[in-house]
Amino acid sequence: MSANDFDERVMTVPLRDVNAGSGDAAADAAMGLIREHLAQHFSVDEDAVRLDPSINEAIWSQGRANPPSKLRVRAARFEEEGEGIVEAETAQ
């Protein structure tokens with residue numbers, strides 16, 4: 001794998017829009033918003049974004065109705081079988 005095939009970034013994903021909607025499913029919406037944000041910034045399909053369980057734990061840590069307003073993630077894009085894949089975890 002050459003250096004051009006691997007792209008890693010630390011990003012802050014804004015999640016304030018999920019709190020404006022229905023409160024009882026805000027954590028569910030936040031997970032979808034993270035996947036959508038990463039897919040847009042790395043130019044891949046949403047199906048090609050793999051989220052680490054640490055992201056899920058961070059979103060659900062305050063309960064289903066009260067996710068954090070933003071989350072820092074470390075995401076890496078690489079090629080697997082000719083397709084772009086993005087893997088993300090929480091940034092420490």
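Quick look at the values:
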quantity	calculated
Highest-first arrangement of 66-72, 79-85, 43-49, 26-32, where packing means the average Cβ count within 10 Å	26-32, 66-72, 43-49, 79-85
Calculated [θ] (222 nm, deg cm²/dmol) that DSSP helices of n ≥ 4 give over the chain, each run adding -39,500 (n - 2.57)	-8500 deg cm²/dmol
Equivalent ellipsoid semi-axes - Cα gyration tensor, the range 25-92, angstrom	23, 12, 9
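Every read-out reported here was derived from the displayed coordinates using simple, explicitly stated rules and does not represent laboratory data. Bear in mind that the values here come from a model prediction, so they are computed numbers and not experimental data. Don't worry about glycine lacking a Cβ; one is built from the backbone with ideal geometry, like all the others, and counts go over all protein chains shown.
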